[in-house]
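Peer 1: The structure under discussion is supplied below as structure tokens; questions concerning it will follow.
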Amino acid sequence: MRSLWDDREDTGGREQKPQRKAGPPAQRTQQRVRIVKKPMDPEALALRQKKKRKEWTRIIVTVVIASAFAFLFLMPILLTFTNSFMSPSEINANYGQVFASTDNGGKVFIAEKVNLKFLPDMVTFNQYVTVLFRSPAYLLKFWNSVFYVVPIVVFQLAVASLAAYGFARYYGKLKAGIFFAYIILMLMPYQVTLVPNYLVSSWLHILNTRWAIWLPGIFSPFAVYMLTKYMRRIPRSIYEAAEIDGADEWQIFSRICMPLCRSGLASIAILIFIDYWNMVEQPLILLSDKEMHPLSVFLSEINQGEISLAFAVAVIYMILPLLIFLYGEEYLIEGITYQGGIKE
Amino acid sequence: MKDRINRFLRKHTKPDKSIRRPNLKGTLGRKARRLREDLKGKSAREAALLALSRIRAFLEEGLDNGYHTSRHSRLSWLFILPSLAGVCLFFFLPFLVVIFYSFVNNPVQHRFVGFANYIRAAGNAAFLLAAGNTLKFTAISVPLAVLLSLGLAVMMDTKIPFRSAFRTAFLTPMMVPVASVILIWEVLFHYHGLANDLIGIFGAGPVDWMKSEYAPIVIATLFQWKNLGYNMILFMAGLASIPRDILEVARLESASSLQIFLLIKLRYLSSTIVFVTIMSVINSFKVFREIYLMTGNYPYDSLYMLQHFMNNTFNSLDYQKLSAAAILMSLIMIVIIAVMFKAENRISRDLEY
């Protein structure tokens, strides 16, 4: 099987480098065209300098604008991060106005003004210690999030890679119709899809259990759509060659199609991960038991006295996606790019 | 092996057939005629057996008379089956039930009431408020998102230093869970917060952001913050796919860069613009997430979105109203998507890639 695309991948190594043209050096120098630098005429020189200056101003202006945007984009994240190291009293002093309710504002000093501070006066890790070791509620919700997201990512990809293979490998009118229905379904907002989901969950008596989140997530058409698009770009000749070699359908799928889709799978996994790591709508409607809510919903319900903890939890919550992002940025960009051009 | 290759060649040398529509009527007629000829002068028993085997063969061959054999075609359905079963169970079938519910008086009695539920849902003050707010939000923030991200993409398309670092910076907000940055957002837009300090410099009075008509601005900012990077990547991919030689020719013909942008790049980007617009519309419907995290189930009137309406209707278990509202929304979505696709077809009809 491997030999099928061997010659596509490493021809570079085996191919001979084109030999240098033999011949006495004297002959070659004769053939070379000699470039003579003419003194430039001053007007053209001035024009060229002007052009150069214009180019430089353009670059500087662009960089300044881009930096401003980048600063605006990163600021909330940085602020959350630095603020998570502030002690509770500092948080209260700075933001007491924002979060304090009237009844518990009496004891701590609350500034009239809200001070936005980038750096804490004193770095403390107490919040993290509390979140991680002393108060299990936060950690429990964090694990809730993980337990929802991981199976959804894994099984949605599994179901979708099978289906995408079926859609991408053979065409047919009925199949095209079903695929179109998948696209429409994918484009529907939650407000529409949650109603059917809720009905089925109540029929199957899985409302208020993890299955209510898992099952609709696993069968979401998003990954099917993405993977089908990805697989359609694999040249048909590869499948056909495998067919001649006597591979059956399952072998073609598992040994040829899947390895070729590896980067596509990674990028789609990232997109699914963000989507479900962030989910708010589904748990609110499908899970009435607050104990089962993921961290995304729970963070908004944190009570007023624990704002400094909330910052720490927020950081813990965003660290996982950020790590995935730093590690797989290229995959993410590839995935987004594939998502574009829905009509193909 | 030779046999297999021959079969393969027979199967695959006429790939065009796979595109042709299966001519069901013609195929059936031809088969029936041949069967009639074959049946002449045979005993009833033989004829029946032959006819049965022919029919079976026809069914096995399947209706797509392209170059795929029935075995393959059926196998591919087997691959699709798990997903199709799940999607049918969790989305398509219940959606049919939703349509049914939207026309009956209640889920127990099933008395047909026509469009009464739709009228009730559309006449509901909360629904109207929510739909109005959502549409207003979409109408303002989607064009803004498209324009801003297109600007960013064009900026990033030129030669500038630190390009990939900027790209990373623009894309980071997409990865950060909304719930994590909500705290900072509340600090920024508090009555005594930074945003009021900023507009104070220009002499504007302090605004109570979250509890006033200005609240959608806060959410719109958050929406842009979150979505610009994603849209920008789409536009950058679109820009990169414009054929280089066309740009080259335009430059040789001394077209200004503004002309190149307006007359060439924008037309080639039309399908990307459509896609970005559709995605932004969908994301603007999802903005409930941000609003809920900042303000809870009952926000200030100007922030009451369709999803709030849905949530609160879920709590009252009014299935009929819920179904009617869901179907109204899906119709609106389908109209939006269809219009966008039509417009895109119009624009890019004569483009060659």
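The values are calculated or read from the model by the stated rules, or taken from the named source; none is laboratory data. Since this is a predicted model, take the numbers as computed values, not measurements. Don't worry about glycine lacking a Cβ; one is built from the backbone with ideal geometry, like all the others, and counts go over all protein chains shown.
Peer 1: From A:159, A:192, which residue is part of a helix (DSSP H, G or I), of a type in the set (A, V, I, L, M) and in contact with a Gly (Cβ under 8 Å, 6 or more places away or on another chain)?
Peer 2: A:159
Peer 1: Of everything in segment B:300-312 that's surrounded by fewer than 22 Cβ atoms within 10 Å (Cβ to Cβ) and within 30 Å of residue B:109 (Cα to Cα), which residue is nearest to the other protein chains (Cβ to nearest Cβ)?
Peer 2: Looking at the filtered set, the residue picked out is B:311.
Peer 1: Just one of B:228, B:269, B:239 is crowded, with 17+ Cβ neighbours inside 10 Å, touching a Phe, Trp or Tyr at 6+ places or on another chain (Cβ under 9 Å), touching a residue at least 12 places away in the same chain (Cβ under 8 Å) and under 26 Å from residue A:275 (Cα atoms); which is it?
Peer 2: Just a single option satisfies the conditions, and that option is B:228.
Peer 1: Please go through segment A:303-334 and pick out each residue that is of a type outside the set (S, T, N, Q) and out of contact with any helix residue (DSSP H, G or I) (no Cβ under 7 Å at 6 or more places or on another chain).
Peer 2: Matches in segment A:303-334: A:306, A:319, A:320, A:323, A:326, A:327, A:330.
Peer 1: Please find, among B:78, B:128, B:89, B:152, the residue that is surrounded by fewer than 17 Cβ atoms within 10 Å (Cβ to Cβ) and either away from chain A (no Cβ under 14 Å) or modelled with pLDDT of 90 or more (or both).
Peer 2: Just one listed residue meets the conditions, B:128.
Peer 1: Give A:219, A:253, A:273, A:325 a once-over and let me know the one that is in contact with a Pro (Cβ under 8 Å, 6 or more places away or on another chain) and either closer than 30 Å to residue A:81 by Cβ or assigned by TED's automatic domain parsing to the domain that holds residue A:195 (or both).
Peer 2: That would be A:273, the only listed residue that is in contact with a Pro (Cβ under 8 Å, 6 or more places away or on another chain) and either closer than 30 Å to residue A:81 by Cβ or assigned by TED's automatic domain parsing to the domain that holds residue A:195 (or both).
Peer 1: Then there's this: What are the residue pairs meeting all of these: first residue in segment A:128-153, first residue more than 20 Å from residue A:280 (Cβ to Cβ), second residue assigned to a loop (DSSP other than H, G, I, E, B), Cβ atoms under 8 Å, and 6 or more apart or on different chains?
Peer 2: A:128/A:84
Residues are listed down the side, and each one gets a yes or a no for (1) closer than 18 Å to residue B:88 by Cα; (2) surrounded by fewer than 17 Cβ atoms within 10 Å (Cβ to Cβ); (3) within 13 Å of chain B (Cβ to nearest Cβ); (4) modelled with pLDDT of 90 or more:
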{"site": "A:134", "(1), (2), (3), (4)": "no, yes, no, no"}
{"site": "A:159", "(1), (2), (3), (4)": "yes, no, yes, yes"}
{"site": "A:169", "(1), (2), (3), (4)": "no, no, yes, no"}
{"site": "A:173", "(1), (2), (3), (4)": "no, yes, yes, no"}
{"site": "A:180", "(1), (2), (3), (4)": "yes, yes, yes, no"}
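Peer 1: Suppose the filter is within 30 Å of residue B:181 (Cβ to Cβ) and either more than 19 Å from the chain's Cα centre (by Cα) or polar (S, T, N, Q) (or both); does residue A:220 pass it?
Peer 2: yes
Peer 1: Ok, one more. Can you find even one residue in segment A:301-318 that is surrounded by fewer than 17 Cβ atoms within 10 Å (Cβ to Cβ) and modelled with pLDDT of 85 or more?
Peer 2: no
Peer 1: Sticking with this one: Right, residue B:301: without any contact (Cβ under 8 Å) to a residue 40 or more places away in the chain and in the same structural domain as residue B:177 (by TED's automatic domain parsing) or not?
Peer 2: Criteria not met by residue B:301.
Peer 1: Report whether or not residue B:137 is more than 9 Å from chain A (Cβ to nearest Cβ), of a type in the set (Phe, Trp, Tyr) and either part of a helix (DSSP H, G or I) or buried (at least 22 other Cβ atoms within 10 Å of the Cβ) (or both).
Peer 2: Answer is yes for this residue.
Peer 1: So which residues in segment A:59-82 are within 20 Å of residue A:123 (Cβ to Cβ), among the polar types (S, T, N, Q) and more than 7 Å from chain B (Cβ to nearest Cβ)?
Peer 2: Answer for segment A:59-82, where residues must be within 20 Å of residue A:123 (Cβ to Cβ), among the polar types (S, T, N, Q) and more than 7 Å from chain B (Cβ to nearest Cβ): just A:82.
Peer 1: Report whether or not residue B:245 is assigned to a helix (DSSP H, G or I), within 11 Å of another protein chain (Cβ to nearest Cβ), acidic (Asp, Glu) and surrounded by fewer than 19 Cβ atoms within 10 Å (Cβ to Cβ).
Peer 2: no
Peer 1: Quick test of your reading of the structure: residue B:122 fulfils all but one of (1) surrounded by 19 or more Cβ atoms within 10 Å (Cβ to Cβ); (2) over 26 Å from residue B:290 (Cβ atoms); (3) more than 11 Å from chain A (Cβ to nearest Cβ); (4) touching a residue at least 40 places away in the same chain (Cβ under 8 Å). Name the failing condition by number.
Peer 2: (1)
Peer 1: If a residue must be over 22 Å from residue B:343 (Cα atoms) and either at the interface with another protein chain (Cβ under 8 Å from one of its Cβ atoms) or not in a loop (DSSP other than H, G, I, E, B) (or both), how many such residues does segment B:260-299 contain?
Peer 2: Residues in segment B:260-299 being over 22 Å from residue B:343 (Cα atoms) and either at the interface with another protein chain (Cβ under 8 Å from one of its Cβ atoms) or not in a loop (DSSP other than H, G, I, E, B) (or both): 10 in total.
Peer 1: Also: Restricting to segment A:232-247, what's the tally of residues that are within 32 Å of the chain's Cα centre (by Cα) and closer than 19 Å to residue B:75 by Cα?
Peer 2: Residues meeting the conditions: 4.
Peer 1: How many residues does segment B:181-197 contain that are out of contact with any Leu (no Cβ under 7 Å at 6 or more places or on another chain) and either buried (at least 24 other Cβ atoms within 10 Å of the Cβ) or modelled with pLDDT of 85 or more (or both)?
Peer 2: Here the count works out to 3.
Peer 1: Please indicate, with yes or no, whether at least one residue in segment A:78-100 is part of a loop (DSSP other than H, G, I, E, B), at pLDDT below 70 and under 21 Å from residue B:182 (Cβ atoms).
Peer 2: Yes, because at least one residue in segment A:78-100 is part of a loop (DSSP other than H, G, I, E, B), at pLDDT below 70 and under 21 Å from residue B:182 (Cβ atoms).
Peer 1: What's the number of the only condition in (1) within 11 Å of chain B (Cβ to nearest Cβ); (2) surrounded by 17 or more Cβ atoms within 10 Å (Cβ to Cβ) that residue A:268 fails to meet?
Peer 2: (1) is the only condition that residue A:268 fails.
Peer 1: Quick test for you: out of B:210, B:232, pick the one residue that is within 30 Å of residue B:194 (Cα to Cα) and either at pLDDT 90 or above or outside the structural domain of residue B:134 (by TED's automatic domain parsing) (or both).
Peer 2: B:232
Peer 1: Which ones in segment B:170-216 are within 11 Å of another protein chain (Cβ to nearest Cβ) and part of a loop (DSSP other than H, G, I, E, B)?
Peer 2: B:176, B:177, B:189, B:190, B:191, B:192, B:193
Peer 1: Between a residue in segment B:162-183 that is on the phi > 0 side of the Ramachandran plot and any residue that is not aromatic (Phe, Trp, Tyr), which pairs come within a Cβ distance under 6 Å, given they are 6 or more apart or on different chains?
Peer 2: Sorted first by the residue in segment B:162-183, then by its partner, the list stays empty.
Peer 1: Would you tally the residues in segment B:109-119 being within 14 Å of another protein chain (Cβ to nearest Cβ) and surrounded by fewer than 14 Cβ atoms within 10 Å (Cβ to Cβ)?
Peer 2: Summing the residues that are within 14 Å of another protein chain (Cβ to nearest Cβ) and surrounded by fewer than 14 Cβ atoms within 10 Å (Cβ to Cβ) in segment B:109-119 gives 0.
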